[in-house]
Structure formats: C-alpha cells, structure tokens
Amino acid sequence: MGSEKLPRNVIITGLQWGDEGKGKVVDLLARKSQHVVRFQGGNNAGHTLVVAGQQSILHVVPSGILHPGTTCVVGNGVVVDPEVLCQELRALEAKGVDLSGDRLIISEQAHVILPYHRTLDDCRETALGGKKIGTTKKGIGPTYEDKVARRGVRVGDLLDEDALRNRLLAVLPEKNRILTEWYGDAAHTVEELLAWARPLAERLRPHVRDTVAWLHRANRAGDRILFEGAQGTFLDVDHGTYPFVTSSNTVAGQACAGTGVGPTDIHAIVGIAKAYTTRVGAGPFPTELDDDLGARIREIGHEYGATTGRPRRCGWFDAALVRHAVQLNGTTHVALTKLDVLSGLESLLIAHAYDGLDSVPSGAEALAAVRPVYEEVPGWTEDITGCRSYDELPAACRAYVERIETLIGVPVGLVSVGPGRDEVIPRSPLFADD
Ligand code: GDP
Ligand code: IMO
Ligand code: MG
C-alpha cells in the first residue's frame with residue numbers, strides 16, 4: 001500500500017447529495033483519532049454505523065462515539081436541537097455507551113434550534129406547495145437564517161436563563177407576527193420557551209465547553225482530529241443545486257470556520273462517494289433512473305432516508321459531478337461505498353461528461369438542463385460482500401473502480417462492500433489497520 005505518511009487531521013465530506021456513507025467511514029477512521037468533530041448541519045443528518053450487526057443512527061452526536069478513546073465534539077458551526085440531542089444521548093446510554101467526562105462536548109457558540117424554527121420550516125415548505133425543497137423539516141434553514149441575521153440563540157445562552165429570556169424578548173415579537181399573521185399558526189410565549197429549555201439545558205450543561213480552545217490544545221499536543229461533514233457537496237448553500245440545497249456550507253472549507261481550526265492544520269481531505277448516485281428531496285439529478293432499475297437499486301441498497309425514511313432517488317454514477325466535487329473540497333483520498341449494491345447488473349453506465357460543457361454549472365436550472373454523456377462498462381455477478389482484499393474483487397468490478405478513479409482524478413483509497421464496520425477493502429495506509 002506504499003509508504004504514504006499518515007495524515008493527522010483529516011476532513012471527511014460527501015461528494016454527492018448526502019448519504020454517501022460518511023458515518024461508516026468516520027467510525028472506521030475514528031479508531032485512529034482522539035477527537036471527532038462535526039462542523040456544520042444539524043439533525044437533518046442521519047449517519048449510520050453498523051458494528052457487530054448492531055445499527056446506530058446518529059443525527060447530532062459525531063460518529064466516533066462508539067470508540068471509547070475519542071472525544072466527540074459538536075463544533076460551533078453546527079445547529080443543535082437540544083430536544084433531539086437529549087433523546088440521542090438517552091438512546092446511546094441505553095445501549096451502554098458511556099458519555100461521562102469528556103466523551104461528548106458541545107460548543108457554547110453553536111446555535112440552538114428552537115421550536116419556532118421547526119414550525120417555520122414546516123410552514124415554509126407547505127407554502128411552497130409543488131415547489132417545495134423537500135427539507136427534513138428539522139428547523140435547519142430558519143436557525144441558520146437567524147444566525148446570519150444576528151438574532152439567534154446560542155448554546156451558551158441556553159445555559160443562562162437571564163440571557164435566554166433577553167434573547168427571546170428581543171426576537172419573539174417578530175417571530176410571533178410571522179407565525180400568526182403570515183402562516184396562521186400559534187404564537188409562542190417567553191415563559192413557555194423557558195420552561196421547554198430549562199430541563200434540556202440542565203441535561204446538556206455538563207457537556208458544554210469552549211470547544212475551540214479544546215481543539216487548539218489537542219492540535220498543539222499532536223492529537224489526531226477527524227472532521228465529520230454532514231450532507232454532501234451538491235447540497236452546499238453556495239456550490240449546490242440552489243435553491244434545492246441545505247442552509248450551510250458542506251464543503252471541506254467549512255470544517256475550519258465551523259470548528260476554529262485553521263486551514264494550515266488540515267492534512268488530508270477524504271471524499272465519500274457512493275458507487276452510484278442518490279438524492280433525497282427535490283432538485284435536479286442528471287443521471288437519475290426514474291424506472292424499474294432505479295427502484296431495484298433502491299431496494300437492494302436500502303435507499304430510504306436515515307432521518308426521514310423517505311425513499312431516495314437513485315441513478316448512475318456521475319463522474320462529471322464527483323470530479324467537480326473533488327475540486328470544490330480539495331479531496332486527497334476517495335472512499336467508494338456500496339459497491340456491493342451493483343452486483344448482478346449486466347452492464348453499468350457512468351456519466352463521464354455533460355454534453356458540450358467543460359465545467360459543471362451551478363444552480364438548479366442549469367444543472368437540470370445538462371445532458372450526461374455515458375459510457376457503458378461490463379457488470380459482475382458475484383456477491384462481493386465477503387471480499388477483504390482488492391485482488392479478490394471480480395475483474396469487472398476492479399475495472400469499474402479504476403475507471404472511476406481515472407475519471408475523478410483521485411485515488412480510491414477505500415472500497416466499501418457492505419454496511420458493517422469490517423466490510424471494507426483498504427487500498428491506502430490511511431484506511432488500513434495499524
Ligand atoms: P451518511 O449520511 O453519509 O452517513 O450515510 P447514511 O447512513 O445516511 O446512508 C448510508 C447507508 O448505506 C447506511 O444505511 C449504511 O449502513 C449503508 N452503507 C454504508 N456503506 C455501505 C456499503 O458499502 N454497502 C452497503 N450495502 N451499505 C452500506
Ligand atoms: P447526511 O449528513 C441527504 C437534504 C434534504 C433537502 C435539503 C434541504 O445524512 O448525508 P434541510 O432540512 O437541510 O433544510 O433540507 O437537503 N438533506 C439531506 N439529504 N442527506 C443528508 O444528510 C441531508 N440533510 C439534508 O432532503 O433536500
Ligand atoms: Mg445520511
């Protein structure tokens with residue numbers, strides 16, 4: 001596997017529209033890390049880990065939590081629904097995960113998703129009717145709006161009832177007017193929100209820290225830090241298929257702003273790509289298979305949202321899109337997941353370009369108008385879930401991986417052949433067992 005120097009601080013991002021298998025790869029790499037930090041998004045994310053046959057789906061807690069030697073950090077760039085986070089902590093404790101000490105720490109600067117943010121997300125989607133984004137309705141967009149508009153509530157405010165009361169007194173009149181007069185929904189009172197916040201704040205208080213200082217100390221000590229992205233590159237609010245995007249920057253650059261660690265302290269950027277493409281929610285999808293084959297991939301790949309349960313739209317691998325994502329993220333290594341799902345197809349299509357274009361247009365309308373140019377490659381029939389070395393894969397399967405590698409311009413350092421932690425084929429020292 002060569003004598004590549006092992007990078008210390010590593011960012012993981014999705015190279016498509018989310019659900020690429022980031023959680024699984026973070027869990028795998030967390031063995032070698034002392035800290036795992038989320039840097040954007042909130043509980044719109046659903047990251048699945050399968051360890052010894054047992055599935056855990058994490059929405060806010062970083063995917064390193066099953067490795068007792070890690071500190072999991074909810075960074076300043078995340079938006080936190082305290083109710084959902086408390087539920088997640090209960091579920092982890094019920095599974096026997098120890099969350100005491102420094103196992104989970106939450107930034108006092110992270111913004112809080114309040115009940116009115118969830119209501120507004122729902123009301124806005126309903127009002128859009130047939131033009132809706134298909135959000136997760138978790139309040140993500142309205143919370144980031146308030147952050148940027150400087151009327152948000154931060155985790156630090158949640159812990160200080162006087163500060164919280166003052167924030168709510170300032171913002172609630174406007175919120176209530178929008179909720180009642182524009183959307184015909186119910187108003188909130190300051191006292192009701194304070195009563196909602198009180199027990200949640202007490203539950204979370206032991207975990208709230210200055211995470212920036214924590215990460216700076218860790219970095220100075222030479223610890224390994226893993227940065228866990230949520231969503232995917234084409235859901236990025238700037239670079240995605242706007243307006244069918246999420247409300248944060250999802251690209252690797254955000255890992256720095258969302259944690260306070262500077263760009264010169266990042267040593268590798270791992271992009272996760274599925275061996276085909278999926279998308280949940282509305283928006284353009286050039287290689288979508290809106291037919292029986294798409295439905296077959298959905299069933300074999302269990303392509304149903306980990307957060308909302310919605311069926312995911314499925315399609316061919318889009319190398320033009322992933323090649324663009326590689327550049328947007330500065331990707332140094334790629335992990336190709338769910339290759340096993342493609343077993344049994346006679347031949348496969350890969351989109352290698354968009355007709356007449358030498359770059360990927362941004363924005364929904366432009367991307368909806370592209371015509372993918374496909375090449376056809378042979379499929380394979382063998383079940384590959386038991387393969388643990390690259391040589392064991394059928395020749396056609398290796399050819400598929402290598403063609404993708406050539407088209408996207410980055411080596412595939414890890415191939416994933418099943419949901420389980422061990423169902424992987426490392427091809428780079430970064431992913432190998434020590
Ligand atoms: P994330 O949001 O990027 O963490 O991905 P999700 O957890 O939402 O979706 C990925 C799904 O694929 C989960 O159900 C994983 O357990 C599963 N998965 C991950 N890698 C593989 C793989 O290589 N093969 C198969 N069959 N399933 C996988
Ligand atoms: P993970 O981290 C896939 C999608 C929603 C919708 C759009 C905006 O598991 O990969 P939002 O609720 O964020 O305002 O919705 O973004 N979306 C995701 N799709 N995986 C995710 O996260 C997603 N998080 C949001 O479906 O289209
Ligand atoms: Mg997911």
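The values are calculated or read from the model by the stated rules, or taken from the named source; none is laboratory data. Note that the structure is a prediction, hence the values are computed from the model and not measured. Every residue, glycine as well, gets a Cβ built from its backbone with ideal geometry; the counts of neighbours run over all protein chains shown.
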Search result, residues across region 303-320 that are out of contact with any helix residue (DSSP H, G or I) (no Cβ under 7 Å at 6 or more places or on another chain), within 19 Å of residue 400 (Cβ to Cβ) and of a type in the set (A, V, I, L, M): 320
Out of 36, 60, sole residue that is aliphatic (A, V, I, L, M), in a loop (DSSP other than H, G, I, E, B) and either within 16 Å of ligand 1 (Cβ to nearest atom) or not assigned by TED's automatic domain parsing to the domain that holds residue 258 (or both): 60
In region 39-51, residue nearest to residue 83 (Cα to Cα) [restricted to those that are surrounded by fewer than 22 Cβ atoms within 10 Å (Cβ to Cβ) and either near ligand 1 (Cβ under 7 Å from one of its atoms) or free of Cβ contacts under 8 Å to residues at least 40 places away in the same chain (or both)]: 46
Evaluation of residue 54 against (1) in contact with a strand residue (DSSP E or B) (Cβ under 9 Å, 6 or more places away or on another chain); (2) polar (S, T, N, Q); (3) more than 13 Å from ligand 3 (Cβ to nearest atom) (one fails), failing number: (1)
Neighbours by Cβ (under 9 Å, 6+ apart or cross-chain): first from region 143-161, touching a residue at least 24 places away in the same chain (Cβ under 8 Å); second of a type in the set (Phe, Trp, Tyr): 152/144
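Yes/no matrix, rows are residues, columns are (1) over 19 Å from the mean Cα position of the chain (by Cα); (2) within 12 Å of ligand 1 (Cβ to nearest atom):
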site	(1), (2)
287	yes, no
293	yes, no
313	no, no
327	no, no
337	no, yes
346	yes, no
Residue 13 being touching a Ser or Thr at 6+ places or on another chain (Cβ under 7 Å), among the β-branched types (Val, Ile, Thr), within 16 Å of ligand 3 (Cβ to nearest atom) and touching a residue at least 60 places away in the same chain (Cβ under 8 Å): yes
Only one of 415, 373 that is assigned to a strand (DSSP E or B), assigned by TED's automatic domain parsing to the domain that holds residue 268 and over 26 Å from the mean Cα position of the chain (by Cα): 373
Any helices (runs of 4 or more DSSP H) falling wholly within region 209-303 and containing at least 1 residues that are more than 20 Å from residue 361 (Cα to Cα) and modelled with pLDDT under 95: none
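Condition check ((1) part of a loop (DSSP other than H, G, I, E, B); (2) in contact (Cβ under 8 Å) with a residue 60 or more places away in the chain; (3) surrounded by 18 or more Cβ atoms within 10 Å (Cβ to Cβ); (4) away from ligand 2 (no atom under 16 Å from the Cβ)) across all residues:
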| site | (1), (2), (3), (4) |
| --- | --- |
| 306 | yes, yes, yes, no |
| 321 | no, yes, yes, no |
| 325 | no, yes, yes, no |
| 335 | no, yes, yes, no |
| 340 | no, yes, yes, yes |
| 357 | yes, no, no, yes |
Enumeration of residues in region 300-334 that are away from ligand 3 (no atom under 15 Å from the Cβ) and within 21 Å of residue 348 (Cα to Cα): 300, 315, 316, 317, 318, 319, 320, 321, 322, 323, 334
Selection status of residue 81, within 23 Å of residue 155 (Cβ to Cβ) and surrounded by fewer than 24 Cβ atoms within 10 Å (Cβ to Cβ): no
Exclusive hit being crowded, with 23+ Cβ neighbours inside 10 Å, within 12 Å of ligand 2 (Cβ to nearest atom), assigned by TED's automatic domain parsing to the domain that holds residue 16 and of a type in the set (A, V, I, L, M, F, W, C), set 227, 234: 234
Residue check for residue 303: within 29 Å of residue 396 (Cα to Cα) and away from ligand 1 (no atom under 12 Å from the Cβ): no
Yes/no for residue 408 being at negative phi, touching a Phe, Trp or Tyr at 6+ places or on another chain (Cβ under 8 Å), modelled with pLDDT of 95 or more and crowded, with 20+ Cβ neighbours inside 10 Å: no
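Just wondering, is there one or more residues in region 104-112 that are surrounded by fewer than 21 Cβ atoms within 10 Å (Cβ to Cβ) and either more than 16 Å from ligand 1 (Cβ to nearest atom) or of a type in the set (Lys, Arg) (or both)?
Scanning region 104-112, I find at least one residue that is surrounded by fewer than 21 Cβ atoms within 10 Å (Cβ to Cβ) and either more than 16 Å from ligand 1 (Cβ to nearest atom) or of a type in the set (Lys, Arg) (or both), so the answer is yes.
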Matching residues, region 237-280, being in contact with a His (Cβ under 9 Å, 6 or more places away or on another chain), crowded, with 24+ Cβ neighbours inside 10 Å and small (Gly, Ala, Ser): 271
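Going through 385, 381 one at a time, which residue ends up being surrounded by fewer than 20 Cβ atoms within 10 Å (Cβ to Cβ), in contact with a helix residue (DSSP H, G or I) (Cβ under 7 Å, 6 or more places away or on another chain) and assigned by TED's automatic domain parsing to the domain that holds residue 17?
Details: 381 fails: in contact with a helix residue (DSSP H, G or I) (Cβ under 7 Å, 6 or more places away or on another chain).
After ruling out the rest, the residue left standing is 385.
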